[in-house]
Amino acid sequence: MRIAALPSAVLPKKLPAPGSREKQAIHVSPAVVASASKDVAGVYALLKTRAEGLTAEEAARRLEEYGPNVLGKDQRAGLAKLLWRAVINPLVILLTVLAAISFATGDPRAAIVMLAMILLSVGLKLIQEAKADNAAAHLKAMISVTATVQRGGTPQEIAVAQIVPGDVIQLAAGDMIPGDVRIVQAKDLFVTQGSLTGESFPVEKFDVERAVASTAPIELTSVAFLGTSVESGSAIAVVVATGKETYLGGMAQAIGEEPAPTAFDRGVTRFTWLMMRFMAVMVPLVFVINGITKHNWGEAFFFALAVAVGLTPEMLPMIVTVCLSKGAVAMGRKKVIVKRINAIQNLGAMDVLCTDKTGTLTLDRVTLERYCDVALKEDVSVLTLAYLNSHFQTGLKNVLDRAVLAHEETHADARVAEFSKVDEIPFDFQRRIMSVVVRTPDGKDRIIAKGAPEAVFPKCATFQLGGQAVPMDHHHIEELKKEYEQLSADGFRVLAIAVKDAEPRAPGADGGYGKADESNLALSGYVAFLDPPKDTCTVAIGALRRHGIAVKVLTGDNVLVARKVCKEVGLPVDVVLLGDDVEKMSEEELADKAETVTLFARVSPAHKQRIIRVLQSRKHIVGFMGDGINDAPALHAADVGISVDTAVDIAKESADIILLEKSLLVLDEGVVEGRKVFSNIIKYVRMGASSNFGGMFSVLGASVFVPYLPMLPIQILTNNLLYDIGQTTVPTDSVDDERIQIPRSWDIKELTRFIIFVGPCSSLFDYSTYFIMLYVFHCWDTSTPAIAAHSASLFQTGWFVESLLTQTLIIHIIRTDKIPFLQSRPSRAMFLTSLLVMAIGVAMPVSPLGHYLGFTPLPALYWPLLALTLVCYAALTQAVKMWLLRLRWI
C-alpha cells in the first residue's frame, strides 16, 4: 500500500451543499475520541478485537454490518440526467407551456416556431453539458489501493474497501491511512495530514495520547485519519471507523444533494420572474382590450398568447450557453478546465476570493529558506554542517532532510568527498536529536547534531559567534532563545545545528559513539524551513485587487506560518481570526468580522464552509481556491470553486474550475474572461427585455384605438425570431475595457430601471409609425371587408418592418456604454448579422414568405419616413442611456 493519493472509489463524488450547519456537521466519530483515552488493552476491548486481528468470519460479519469502506461511487451523468438539466430552466418551461397552449387551441404555426426555439436552446445546452461531464471524467484517477491487515494472526494485503472496524493494520512509510485508526504501537511515526488540516509539515503520532483533554479531535496524537498518509516510521493500528463514519466521511453526509443555486442561477431566476410579472399584468390587459374592441375573443386570445411569447426572452438559455461555451473554449486555450459551465460567469462576478494556503498560495513543498549563525546572520558553514548531517544519515530521510539536500547551494559548499562517515547516533523521540560522526580532512572526528533548538540547547556548553566560542550561561541562553524564537515567529520551522570535535577512536564495539557523546557541544547556528509562496502569487493577488476582488486566506495551518506567507504575497495581516474564535461567534458576528479580516488560521473544513456562507449572506459573490481534502466542502459551497495543478482528486471533483498551470496569473485571466461572458449575457438581457417591454406598451396602445389586430400572432413570433437571430452573435462581441474593471453581477433593480427608461423609447417611435400608417397611408379605412383587410395588412407590414429595424438598431446602442460605431465597434459577426436581419426585414413584404405571413408591399414614401424614424430613435435612446449612466443608475 505505497500510495499517498486517494482513489476515486474512496472519495465522495459530491460534498455537502451550503445549508444547515447542524445538519451537515463535519465530525469525528465518538468511538475515535473514546479510543484515544484508553490504553492498548482498552482499545482492543472497545473494538472487540485482539492483537492477532479479526478472523475471516468476524471480518465478513462486520463487513455485512458496517458496509464497505467507501464514501461514494464514481457515477457519470447519463443522457437522461443531462437532458433533464437542460430542460429544467424557467424560460424553457415557460415556452413549452405556451407552445402546448398554441397546439391545444389550434395555432400550430406559432407552436412550431416556439418548439424550434426550445430545441435549439436545449440541444446546445445538452451538448455543452455532455462535454463538461466528459472533461470531469478524465480528471479522476482510477487506482487500486490495498492495506496490510492482520487476519487470524497472518498479515494479508486486502482492498481498502474490505477493511472493517476492529481490523489490526500495519503501517509503513508511504502508506495511506485506510480509515480512522487508533495507534497501538509506533516507531518514529510521522503522518502527513495537511490534506485535512492544511499543515505544511508532518505531525508526530504516538501509541499513547499526549494531547490535552480540550484538544480538537483532529489534533489527537494517538489517532490517524482516513485521507492522510505515513511520511516516515512505522506503526500498528486498530481501525475504529470506516466509510461515512470517518472524519472524511463527515464531509460527505450530503453526498446526494445538489449544490445550492449560484449567484448566476439566482440572477437568471429573478430576471425570469421579473418578466413573468410583466406578463401577468400585460397579457390579460391585451386580451381583454382586444376582446372588447375587436369583438373576437378567439382572435384576442391568440394575439395575447403571441404577446406573452414577445415578453419572453426565449433565446436566453441559448445565448447564455453559447456565451459560456465560448468563454470555456477561450479559457481552455489558457490551460484552464471549466467543469461547470455556469461557473465562468460566477468567476467574473466574484468580488471575494477565499483561498487555502498550502499548495494554493504556496508550492506545497518544504524548502530550506535560511541558514544562519546564532545572531541570525547568513553563515555558509552552518549550511555545510546541515548538509553533511542529512547526507550521511542512513535512516529514512524526512521532509526537512530532503529540503537540505535539495538546496541549490549545498553541493558546492559541503565538500562531501573530503569527509567520511565514522558513526551515527539515530534519532529518537526522547532526545529529539539526530547526530552523525564524520572524519574531517585533518583527521579528527566531528559530531554534527541537529534537532529542535529546545532539545539541542541543554547539550551545548558553548556557542560559536564571529569565530569565537562563547559559554552557554543562563544569560546567553535566554538571549539565544529570543533569536531563534524570532525565526519561529516569522513562520519558519527551525532546527539547531551543533558540533563537537574529538580524537579518533579505535574501531570496535567500545570505540563507537553513543548518546552520551552528545554533550559539551558547540551551537553553530540554525537552519529554517518554509513552504514558500509561488513566484506568481504577489503579482496575481495584485492583479485581482486591481480588478476589485478582495483576497482572504482560510487555512488550517498555524497562525505564524500563515502570517509569514501572507506578508510575503502582500496581504494585510493586522487582524487574524482563529478557528476557536470562529466557533464561538454567531452568524452575524462572524459576518461582520469576515468583511474586514483577511487571514483565518487554524480553521476546520466546517469553519471554511461557514465563512463562505456568511460572506454570501452579505451579498458577496464568493470564490474559493483550494487543493486539499479539507478544502472540498468550501469548494462546493462557494459560488465558484477553483482548484489548482497540485490538487488531490476530491478537490478537483468538487471544483468548478481547475487551473492546470502553476502560475496563478491564469486565475486573473479567467476573471477577465468571466466578466466578458457576463457582459455579453447582460447585453442580450437588456436588448431583449427593454425592446420587448417597449413593444408590449406599443401593443397595448394599438389594441385600444386600432380597429384590427395591430400585428398577427404569427407575425409577432416571426419578428421575435428574426430579432433573436440578430442577437445570436452577441457571444462574439467585443467588450469595452471599462466593463471588465470591476466585478459585475445580476442587479434586478438596475435592470428594471433600464427596461423602464429605455423600453418606452421604442414605444414613442412605434406610435409615430402608427400615426404615419393610419393618417399618411390611410389605414383607418375599413369601409369594406376588402379595404379593411388591405388596411390591416398594410398597417401590420409597416409596423413589422419598423419594429424589426429599430430593435436591430438598438442592439448596437445597448451593447456599449460609449457612442456606438465611433467609440466602440461591434464584432464583425454581429455587424454582418444585423445587416442580414435588416435586409430580411426590408425584403420580407415583397417575398413569397411575406405573402404567406400576411404582409403587403409598402409604398415608396414609407422608406424615407422610416429612415428618419431610425435616426431619431437612435439619438433618443443614446441620450437616455448616457443620462442613466451619469446618474449611475445602470
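A few comments on the model shown:
- Region 816-881: C-alpha gyration tensor shape, a/c 1.5 cut-off, then a/b vs b/c: oblate
- Note on surface exposure: T384, T154 rank T154, T384 by accessible area, highest first, 1.4 Å probe.
- Crossing angle, helix 90-104 versus the chain [Cα axis fit, 0-90 degrees, rounded to tens]: 40
- Rounded, prolate or oblate (a/c below 1.5 giving rounded, otherwise prolate when a/b exceeds b/c) for region 552-656 by Cα gyration tensor: oblate
- Rounded to whole Hz, the Karplus (6.51, -1.76, 1.60) HN-Hα couplings of region 569-586, x for glycine and proline: 9, x, 9, x, 10, 5, 10, 10, 10, 8, x, 4, 5, 4, 4, 7, 8, 6
- Our coupling estimate for region 546-554, obtained by passing each phi through the Karplus curve with A = 6.51, B = -1.76, C = 1.60 and θ = phi - 60°, is 4, 9, x, 10, 7, 9, 10, 9, 10 Hz, Gly and Pro reported as x.
- Beta bridge orientation in the chain: antiparallel %, DSSP, nearest 5: 75
- In the complete set of protein chains, residue-level accessible area for W780 is approximately 90 Å², probe 1.4 angstrom.
- 3J(HN,Hα) along region 332-346, derived from phi through the Karplus expression 6.51 cos²θ - 1.76 cosθ + 1.60 where θ = phi - 60°, amounts to x, 5, 9, 6, 10, 8, 9, 7, 10, 5, 5, 5, 4, 5, 4 Hz, with x in place of Gly and Pro.
- Accessible area expressed per residue, region 478-548, with surrounding protein chains retained (probe 1.4 Å, Å²): 45
- Anisotropy class of the chain from Cα gyration tensor, a/c 1.5 cut: prolate
- Residues whose placed amide H lies under 5 Å from that of R151, excluding near-sequence neighbours: Q156
- Taking all protein chains together, F771, F600, F821 sort by accessible area into F771, F821, F600, largest first [probe 1.4 Å].
- By accessible area with a 1.4 Å probe, ligands and nucleic acids excluded, highest first: order of H790, H295, H391, H778: H295, H778, H790, H391
- With respect to the chain, whose longest principal axis is taken over its alpha-carbon atoms, helix 748-771 is tilted by about 20°.
- Dipole-positive endmost among G626, A875, P533 within the chain (Cβ charges, Cα centre): A875
- Packing rank of 96-102, 602-608, 345-351, where each peptide gets the mean count of other beta carbons within 10 Å, highest leading: 345-351, 602-608, 96-102
- FRET E, pair S234, Q823, Förster distance 51 Å, beta-carbon r, rounded to 0.05: 0.10
- Size of electric dipole in the chain: Cβ of Lys, Arg +1 and of Asp, Glu -1, about Cα centre, debye, nearest 20: 2620
- Angle in degrees between helix 56-66 and the longest Cα principal axis of the chain, rounded to the nearest 10: 40
- Here the sum of -39500 (n - 2.57) over DSSP H runs of 4 or more residues, divided by the residues of the chain, equals -15000 deg cm²/dmol at 222 nm, to the nearest 500.
- The heavy atoms of D401 present about 0 square angstrom of accessible area, all protein chains included, probe 1.4 Å.
- Order by protection proxy (mean Cβ within 10 Å, highest first), peptides 146-152, 469-475: 146-152, 469-475
- Close amide-amide hydrogen proximity is noted between C460 and L521, each under 5 Å apart and 5 or more residues distant or on a separate chain (H modeled in the peptide plane; Pro and chain starts excluded).
- Added length on full extension, which subtracts the Cα-Cα distance from 0.36 nm per residue, S617 to K481: 44.4 nm
- Accessible area of the chain belonging to carbon and sulfur atoms, whole % at 1.4 Å probe: 60
- GluC sites (Glu not before Pro), loop per DSSP, at most 10 other Cβ atoms within 10 Å - longest free stretch of the chain: 409-890
- A protection proxy built from the mean count of other Cβ atoms within 10 Å ranks the segments 278-286, 677-685, most packed first, as 677-685, 278-286.
- Rolling a 1.4 Å probe across all protein chains gives L353 an accessible area of roughly 0 Å².
The values are calculated or read from the model by the stated rules, or taken from the named source; none is laboratory data. In this text, all values refer to a predicted model and were calculated from it rather than measured experimentally. Heads up, the Cβs are rebuilt from the backbone with ideal geometry, glycines too, and the neighbour counts pull from every protein chain shown. Accessible surface areas use protein heavy atoms only, side chains included; no ligands, DNA or RNA. Shrake-Rupley method; radii C 1.70, N 1.55, O 1.52, S 1.80 Å.
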